[in-house]
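Just so it is clear, none of the values below were taken in a lab; they were calculated from the coordinates. The structure displayed is predicted, hence computed values, not measured ones. All Cβ positions, glycine included, derive from the backbone under ideal geometry; neighbour counts span all protein chains shown.
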Amino acid sequence: MTKTAQSSHFYDKYRMFLPYYRQENDPGSFGFPISRQTLSHWEIHICGELFMPVYYYLKELSKNFRYQHCDETPWLSILDGNGSGTKGYFWIHLSGELLEGFRVLFASFETTRASDHLTEYFNGVSHPVFLTDDAYSAYYTAQKQFPDIITICGCLTHSRRRFVNAIRVMRLPKGKSPDDLKEIPEYRCLLMIAGIYREENRLRHLSAVERLAERKEKVSPPFDSFIDYIKGINTEDPSVSDVFRDAIEYTLNHEQELRQFLDDGNIPIDNTACERQIRNVARLRVNSLFSFTKRGADASAVMITLVYTALLNDADPYYYLKYLMEELPKHLYQKPSEYVENMVPWCDRYRAYEEKKHRRL
């Protein structure tokens, strides 16, 4: 009953975004109240004493991917030693969106947004890594530290958002037809980016080799036309808004990174796969508001890693957490290397466990 209650409360928080202070006011289906302090202590204790071998194993698997996404989002930890109101960050590492096979999401809580976390994460990696990100300066700092390892790949969505912002600050002329609007540079840029995505989205079902060949033929020409067009815009013209100028400069400054996907069929066109996972952390932040201690934030990183890695591999997070709490105590006196391969959500042993639970339902 305890493992069922614990996995249920963890599932409610990290999958249904129901924080503990709301759960404690609901007797739930177990017929007895549980305080938020008890729930928090459960989470910290179980993550620290039970889940860590799986967490570190998933971290090593994440580091071994040649194609990765990365993004970060703020998270407040009140007693983390950084002073009142100072935000920490969840760093999310995600295996490449276009890769076949199992996928891994690794989350880490850090008290700063500096590149220290990336230095620690990539330390010891010996193979090339194509890292798709949002061009934040910390990634370039990490690239300078590991020039033979990290290749930064750009995110066309971040470029597009800047052009959208340029349209938002415009005073649109009245009485203009849709065809007239297409001649406005800001709109024309968006239409050209839409054309790039239209061709790229048709290639998602292909293999990496086939996708690369199709990109050379169908995606590269509209991308080249888009770059040539914005290069021809005079940004010194007073009629060009500051926001539009920023969009053009951002795109041209990161042209090399934005072009990386055209040379490798496994590199995605943008970083939205990671941003979709970040959105789950943002929902949790909106409802939970903060972690009281850094230990609590670190435990949340473990839970985020386990829950969303399970979801990425079409596993049920509730049963996966329950499976870990039932199986891991059997191996407390063994080396992790002897059992941890049977603790991931894509292994045959867990699949059989989940199938059995679903049949029983």
Only loop residues by DSSP count here, and only those with at most 12 other Cβ atoms within 10 Å; note down the GluC sites (Glu not before Pro) in the stretch 20-103 that meet that. GLU100
Exposure proxy ranking, count of Cβ atoms within 10 Å, fewest first, for VAL240, VAL54: VAL240, VAL54
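Count charges around ARG160 for me, please; just the other residues with Cβ under 12 Å from its Cβ, Lys/Arg as +1, Asp/Glu as -1.
Once positives and negatives cancel, what remains is 0.
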Please identify, among GLN68, GLN277, GLN145, the residue showing maximal mean-square fluctuation in a Gaussian network model of the chain using a 10 angstrom Cα cutoff. GLN145
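Rounded, prolate or oblate, given the Cα gyration tensor of the stretch 64-153, with a/c below 1.5 counting as rounded? Spell out each step's value before the answer.
Working: a/c = 2.34, a/b = 1.64, b/c = 1.43.
Since a/c reaches 1.5 and a/b is larger than b/c, the shape of the stretch 64-153 is classed as prolate.
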How would you classify the chain from its alpha-carbon gyration tensor, with a ≥ b ≥ c the square roots of the eigenvalues: rounded for a/c under 1.5, else prolate if a/b is greater than b/c, otherwise oblate? prolate
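For an R0 of 30 angstrom, estimate the FRET efficiency from the Cβ-Cβ distance between THR141 and GLU60 and round to the nearest 0.05.
Between THR141 and GLU60 the formula returns 0.85.
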Given the DSSP H assignment, sum -39500 (n - 2.57) over each helix run of at least 4 residues in the chain and divide by its residue total; what's the result at 222 nm in deg cm²/dmol, nearest 500? -15500 deg cm²/dmol
Explain nothing, just the number: relative contact order of the stretch 156-269, from Cα pairs under 8 Å at least 6 residues apart, as a whole percent. 38
Please compute the contact order of the chain in relative form: average sequence separation of alpha-carbon pairs under 8 Å and at least six residues apart, divided by the residue count, as a percent. 25
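For each of ARG66, ARG295, count neighbouring Cβ atoms within 10 Å of the residue's Cβ, then give the residues from fewest to most. Write out the running numbers ahead of the final one.
Values: ARG66 15, ARG295 19.
Ascending number of Cβ neighbours within 10 Å: ARG66, ARG295.
Between beta-carbons, use under 11 Å as the cut-off and find the net charge around ILE92, counting Lys and Arg +1, Asp and Glu -1.
-2
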Share antiparallel - DSSP beta bridges, the chain, percent rounded to 5: 60
For the stretch 317-361, run through the chymotrypsin sites (Phe, Trp or Tyr not before Pro) and keep only the ones in DSSP coil with at most 12 other Cβ atoms within 10 Å of their Cβ. TYR333
For the stretch 283-361, rounded, prolate or oblate, judged on the Cα gyration tensor with a ≥ b ≥ c (square roots of eigenvalues), a/c < 1.5 rounded, else prolate if a/b > b/c? oblate
Cα-based reach from LYS357 at 19 Å (exclusive), listing lysines while leaving out same-chain residues under 8 positions away: LYS3, LYS322
